[in-house]
Amino acid sequence: MYRIVSAIFLAENIKKIEIEAPRIAKKRKAGQFVMLRNEANGERFPLTIADSDPEKGTITIIAQGAGKSTRELNRKEVGDTIADVVGPLGTPSHIENFGTAVSIGGGVGTAIAYPTAAALKQAGNYVITINGARNKDLVILEEEMKAVSDEAYITTDDGSYGFSGFVTQKLQELIDSGRKIDFVLAIGPIPMMKAVAEVTRPYNIRTMVSLNPIMIDGTGMCGGCRVTVDNQIKFACVDGPEFDAHLVDFKNLSDRNRIYLHEEKQSDEAFAHKCRLPQHT
Amino acid sequence: MIMDARNITTKERLAIPRQEMPAQDPDIRKGNFQEVHLGLTPELAQMEALRCIQCKDPVCIAGCPVNIKIDQFIKLIAEGNFMGAVRKIKEDNVLPAICGRVCPQEDQCEKVCVIGKKREPVAIGNLERFVGDYERLTGQRVDPEMEPPTGKKVAIIGSGPAGLSCANDLARFGHKVVVFEALHELGGVLMYGIPEFRLPKEIVRDELDGLRRMGIEFRTDVVVGRTITIDELMEEEGFDAVFIGVGAGLPWFMGIPGENLVGVLSANEFLTRVNLMKAYAFPSSDTPVFDCKGKSVAVFGGGNTAMDAVRTAKRLGAKHAYIVYRRSEAEMPAREEEIHHAQKEGIEFLLLNIPLEFIGDEKAWLTGVKCQKMELGEPDDSGRRKPVPVEGSEYLLPIDMAVISIGNGSNPLIKQTTPDIEVSRKDTIVVNVNTMETSKENVYAGGDIVTGGATVILAMGAGRTAAAAINEKLAGTAKHYNEW
Ligand SMILES: Cc1cc2nc3c(=O)[nH]c(=O)nc-3n(C[C@H](O)[C@H](O)[C@H](O)COP(=O)(O)OP(=O)(O)OC[C@H]3O[C@@H](n4cnc5c(N)ncnc54)[C@H](O)[C@@H]3O)c2cc1C
Ligand SMILES: Cc1cc2nc3c(=O)[nH]c(=O)nc-3n(C[C@H](O)[C@H](O)[C@H](O)COP(=O)(O)OP(=O)(O)OC[C@H]3O[C@@H](n4cnc5c(N)ncnc54)[C@H](O)[C@@H]3O)c2cc1C
Ligand code: SF4
Ligand code: SF4
Ligand code: FES
């Protein structure tokens, strides 16, 4: 059992939760994740470790309510427990001083990009962050991102805050302005990561993405998380989750992620029916 | 009791037929996950035990990887001394209820039983299972005698049969034992791989309770290498020795076109979803599994894992559940009994067939597999007749789900995080076979991580060998073994 020591909503449906997990806190590096199980009979699902405090022995995760498991997690409050938290899993982000590094986050992807952006800054990069959201209310981690950036941009699809448009438009604008960009990290919905890969491909800018296939064990035993990279099978939970964006078969990933759509909907509806309590923000 | 165990002649013994194990009817069991076999009654067990002629030279013992004193425990059963039989077996095997169920007896103890030369061999496995069940079901647990605490601490990595048997022996020697397990559930393949209908999970849990009573501590959710390294266990957490029993790793795929279509999964994924995550109870458990109802499912492979997967698919409602295997039945590595059970449950065997390509629809969902027929050609170097493709025999088998069950590689995590542990080219851990010690001092390994995918009993045997060596080493009386 892992105890929750703080829990606050950052935006509607996106919650930041700090959990007691001293061993994981001590060990984790940017880019790694944990597998959680809310209760017995719950599923195992992955969340990136957004932050950790080795002294306090806590890790922080930021979850967007996407379906049953994440919604159920986001209902938990301080003092509640989570049955299982395992990690840190995955290969840590490759961090070096590339020169100018652009970190792009879309939606809750901002939370996943945040620790790596911070590590890039610490390694001496000139860090530019571009964080996209559908609208102003969904912007998360604005202050945190600013603190680790030399330049920080926010984009909203509806123009209600910051740059009006997609993150890729902002990136293209930077490239067109003649800025030398040495490294791009893009984390968000699959179409966004694919679009970023297409923007940087002609310029040969080294680009990494963090993939989100469906995971079961997360320890490299089941092969469920396999993705196609450079025409080879890779297991995202051990070989990834970060891969070279220009080599990833995004179509295969989005096809495979649809396998349980029907069942996920069933679970989510049953859960919504069971609680009938409004989600608080 | 019809016959008296003491006054029965050899001729009378030989006249007794092998006692049939009561089982659920195939038509009923293919629709449920309850155990197929119902277990011998005490009467059946005693009758079967009388078939053993108590050889002067019991060759069966050498056929058992852990050398259970087979003649002796069977004699005790024949005499009706079931608890005596429990104690006798437990001198060599701590998990009789499990091994009796899953050992490939036809290749081990029963293969060499002399009765088997002209008749059917003594049902050693069924008797062993009877004894294990008798202990559990009558609640007369034989808790082992423990030596006084030594003050030494040993870490066990992985809670499969290798880790559990090593933990058991070390605890008996008086050492403090802590088992670290990556998953949320203990038992390794016994829990997440082998299905309930073959090995009820209650039995594994009961064995785990026994180990807890011995003072062994279990820590789930710890991925050694990630959460903590072996060096940290030894240097910071004060463990005097470590045993690695992390099992096999990443599943292999076949590398044929279409393998990434939606609906193609590894046997590990399919079985993990169903067994560990209880997907058969979806939606009351959260993890879904491919809905097999009325569908066609093909499993590629011929081992125990393949049989478990295909029979699971059938139980989840598959209309057609196929085994596609490139050789013939004689070469199938699965336990004989599982093959027979599968046949009776209506599993369709497509032997001497290989898949060439998976075919999908415009949404990338699997719709079929292109197969080719094979025939047995000339014997190869190993004397086995090699399957060769039959020209022009390609055909399309319509399927909705494909399960790949062609084996596993080794998980690279230990190697990556403890570079001073020597591994083979296949990433299995290299050990001194007499002690199971690795190239890193006081670190031992055994089970599938050393041998590659093998058997429960071999993993257990390795765990016990390691425990004995660790005990000697910690007592400072280790002999020097040089041969590697
Ligand atoms: C390495 C990694 C890191 C992640 N980090 C974060 C994070 O920091 N914050 C965050 O909000 N989300 C993160 N995700 C996504 C998160 O795991 C899914 O949103 C979550 O599992 C959905 O489960 P659900 O039951 O709530 O929704 P469901 O209704 O079950 O699923 C919604 C969608 O989530 C995906 N999904 C479902 N089950 C799984 C699973 N077991 N593993 C992976 N994806 C699944 C599928 O694409 C599905 O269509 C991460 C995913 C991965 C692979
Ligand atoms: C479906 C299936 C059916 C089988 N049927 C039979 C059968 O009928 N008869 C038979 O004899 N054999 C059978 N086998 C083979 C048998 O189960 C294995 O040979 C045996 O379980 C190996 O034991 P082990 O202790 O080495 O490893 P495992 O049983 O694999 O256990 C290893 C454990 O270590 C854990 N682990 C892995 N990495 C780490 C880490 N880094 N840190 C902490 N923990 C870790 C794993 O989660 C797992 O729980 C079958 C195997 C499968 C998959
Ligand atoms: S452990 Fe296995 S091989 Fe040994 S006697 Fe029992 S069933 Fe036979
Ligand atoms: S070889 Fe067969 S008959 Fe002889 S002792 Fe062993 S089990 Fe009994
Ligand atoms: S989630 Fe099972 S191997 Fe990656």
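Using the alpha carbons alone, the radius of gyration of chain B stands to its Kirkwood radius in an Rg to Rh ratio of 0.98.
The lysines within cross-link reach of B:K201, meaning a Cα-to-Cα straight distance under 17 Å and a gap of 8 or more places when in the same chain, are B:K278. When each of the peptides B:342-348, B:89-95 is scored by how many other beta carbons lie within 10 Å of its residues on average, the order from highest to lowest is B:89-95, B:342-348.
For chain B, the share of DSSP beta bridges that are antiparallel, to the nearest 5, is 35%.
The alpha-carbon atoms of the protein assembly as shown define a convex hull whose volume equals 186 cubic angstrom per residue. Per-residue Karplus couplings for the stretch B:323-333, computed as 6.51 cos²θ - 1.76 cosθ + 1.60 with θ equal to phi - 60°, are listed in order as 9, 10, 9, 7, 10, 9, 4, 4, 8, 4, x Hz, Gly and Pro entered as x.
Peptide A:37-49 shows a mean partner chain C-beta count of 3 within 10 Å per residue C-beta.
Here the contact order of chain B, divided by its residue count and restricted to Cα pairs under 8 Å and six or more residues apart, works out to 15 percent.
The coefficient of translational diffusion for the stretch B:274-427, derived via Stokes-Einstein from the alpha carbon Kirkwood radius under 37 °C and 0.692 mPa s, stands at 187 µm²/s. What's the center-to-center distance, using Cα atoms, between the stretch B:365-404 and the stretch B:223-244 in Å? Rounded to whole Å, the Cα centres lie 46 Å apart.
Couplings 3J(HN,Hα) for the stretch A:90-95, derived from phi with the Karplus relation 6.51 cos²θ - 1.76 cosθ + 1.60 (θ = phi - 60°), are x, 7, x, 4, 7, 10 Hz, where x marks Gly and Pro. Listed peptides A:177-190, A:115-128 appear in the order A:115-128, A:177-190 once ranked by packing, highest mean of other Cβ atoms within 10 Å at the front. Would you please state the base-10 log of I(q)/I(0) at q = 0.13 1/Å for the stretch B:203-362, with intensities from the Debye formula using one equal scatterer on every alpha carbon? Here the Debye-derived log intensity ratios amount to -0.81. This model, with +1 at the C-beta of Lys and Arg and -1 at the C-beta of Asp and Glu, gives chain B a dipole about its Cα centre of some 960 debye. Comparing the stretch B:36-118 with the 2.2 N^0.38 Å rule of thumb, its C-alpha radius of gyration ratio is 1.03 (two decimals). Summary value for the stretch A:94-210: 28 percent relative contact order, contacts being C-alpha pairs under 8 angstrom separated by 6+ residues.
Only helical runs count toward this figure. For chain A, summing -39,500 (n - 2.57) over DSSP H runs of n ≥ 4 and dividing by all residues gives -8000 deg cm²/dmol at 222 nm. The residue list B:T367, B:V154, B:M332 was ranked by how far each Cα lies along the charge dipole of the protein assembly as shown toward its positive end, using unit charges on Cβ atoms, and B:M332 comes out on top. Here's the picture: charge each Lys and Arg Cβ at +1 and each Asp and Glu Cβ at -1 in the stretch A:94-210, and of A:A195, A:A133, A:L120 the one pushed furthest to the positive end of that dipole is A:A195. Computed about its Cα centre, the charge dipole of the stretch B:97-178 is approximately 120 debye, with only Lys, Arg, Asp and Glu carrying charge at their Cβ. The distance linking the stretch A:144-160 with the stretch A:59-83 is 26 Å (Cα centroid to Cα centroid, whole angstrom). Take every Cα-Cα distance within the stretch A:94-210, group them into 10 Å bins from 0 onward, and report for each bin the whole-number percent of pairs it holds. Histogram of Cα-Cα distances, whole percents per bin: 16, 53, 30, 2. Counting Cβ atoms of other protein chains within 10 Å of each Cβ in A:251-257 and taking the mean gives 3. Candidate cross-link partners of B:K344 among the lysines, defined by an alpha-carbon separation under 20 Å and a same-chain spacing of 8 or more, comprise B:K30, B:K293, B:K295, B:K314, B:K319.
Which order do the peptides A:141-148, B:119-126, B:468-475 take when ranked by the mean count of other beta-carbon atoms within 10 Å per residue, highest first?
B:119-126, B:468-475, A:141-148
About its Cα centre, the stretch B:399-440 has a charge dipole of approximately 100 debye under the convention of +1 per Lys or Arg Cβ and -1 per Asp or Glu Cβ, with nothing else charged.
Mean silhouette area of chain A, derived from the convex hull of its C-alpha atoms and averaged over all directions, reads 14.3 nm².
Can you return the lysines within cross-link range of B:K118? Criterion is Cα-Cα under 16 Å, with same-chain partners fewer than 8 residues away left out. Of all the lysines, those that pass the test against B:K118 - Cα under 16 Å, at least 8 places apart if same chain - are B:K11. For the stretch A:94-210, the number of Lys pairs separated by eight or more positions or lying on different chains, with C-alpha atoms closer than 24 Å, is 11. Its residue count N fixes a reference of 2.2 N^0.38 Å for the stretch A:2-89, and the Cα radius of gyration divided by that reference is 0.96. Here's the picture: charge each Lys and Arg Cβ at +1 and each Asp and Glu Cβ at -1 in chain B, and of B:G377, B:Q343, B:S405 the one pushed furthest to the positive end of that dipole is B:Q343.
Counting, for every residue in B:223-230, the Cβ atoms of other protein chains within 10 Å of its Cβ and taking the mean gives 5. In this structure the amide hydrogen of B:F218, modeled in the peptide plane, comes within under 5 Å of the amide hydrogens of B:V179, none closer than 5 places in sequence on its chain.
Bear in mind that the values in this text are calculations on the coordinates, not laboratory data. For clarity, every value in this text was computed on a predicted model and none was experimentally measured. Here the Cβ is made from the backbone with ideal geometry for all residues, glycine too, and neighbour counts use every protein chain on show.
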